[in-house]
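The block underneath contains the structure these notes are about, expressed in C-alpha cells.
Each value in this text was obtained by applying a stated rule to the coordinates, not by laboratory testing. Everything numeric in this text was worked out from a predicted model, so none of it was measured. Positions of Cβ are backbone-derived with ideal geometry, glycine not excepted, and every protein chain shown enters the neighbour counts.
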Amino acid sequence: MANSSDQRLQDLARLRRVRDRIDREYRQPLDVEALARGAHISAGHLSRQFKAAYGESPYSYLMTRRIERAMALLQRGDLGVTEVCFEVGCSSLGTFSTRFSELVGMSPSEYRKRALDLAGVPSCLVKAATRPVRNREAAPARRA
C-alpha cells in the first residue's frame, strides 16, 4: 500500500498532466468533465485538487491560456476580435470579451488598438505591460 507521500506525488503528477493537456489543447472544446475523464477522476475532485495545487480552477486556467494566446494574436494585428475569439477556442464572443476584460483590464478591441499603437516598442516591454493578471481581476481603469 502506498503511503500518503507517494499518493500526493501521484496526484500532483496527474494534475500536471491535466495542466499540460490544457496548455497543448487550449483551442479544443475542453471542459472540466472531459479533463476529469482523461485523468480518471471525478470532475469535482479534479476541480478541488487543481485549485489547491495551482490556485485556480481548471476552467479559469484554460481561459487564462486562451486569453494569453488571444493577446499575442491581437498584437499581430491581422485578425479581428471575433476571429481571434474563435481561433483560441472560445465559442462565445461575449464570454471571451468579458474574461479578456477581467484579466487584461480592457476590452479586446481596445487592447488591439493599443497594441497596434505600440508597434515598434520592444516586445519585452509590451509583454511586461500587457501581461494578464493571474488569480485576480484587473484593477478597474481610472476615468478622467
**Prompt:** Normalised by the number of residues in region 4-59, what is the relative contact order in percent for Cα pairs under 8 Å and 6+ residues apart?
**Reply:** 29 percent
**Message:** Residue by residue through region 39-47, what is 3J(HN,Hα) from phi via Karplus (6.51 cos²θ - 1.76 cosθ + 1.60, θ = phi - 60°)? Round to whole Hz and write x for glycine and proline.
**Reply:** 9, 6, 9, 6, 4, x, 5, 4, 4
**Prompt:** Taking θ as phi - 60°, what are the ³J(HN,Hα) couplings along region 89-100 by the Karplus curve (6.51, -1.76, 1.60), each to the nearest whole Hz, with x for Gly and Pro?
**Reply:** x, 7, 9, 10, 5, x, 5, 4, 5, 5, 5, 4
**Item:** Footprinting exposure proxy for Met106, Met63 (fewest neighbouring C-beta atoms within 10 Å first)
**Value:** Met106, Met63
**Message:** Based only on other Cβ atoms within 10 Å, what is the fewest-to-most ordering of Asp6, Asp31?
**Reply:** Asp6, Asp31
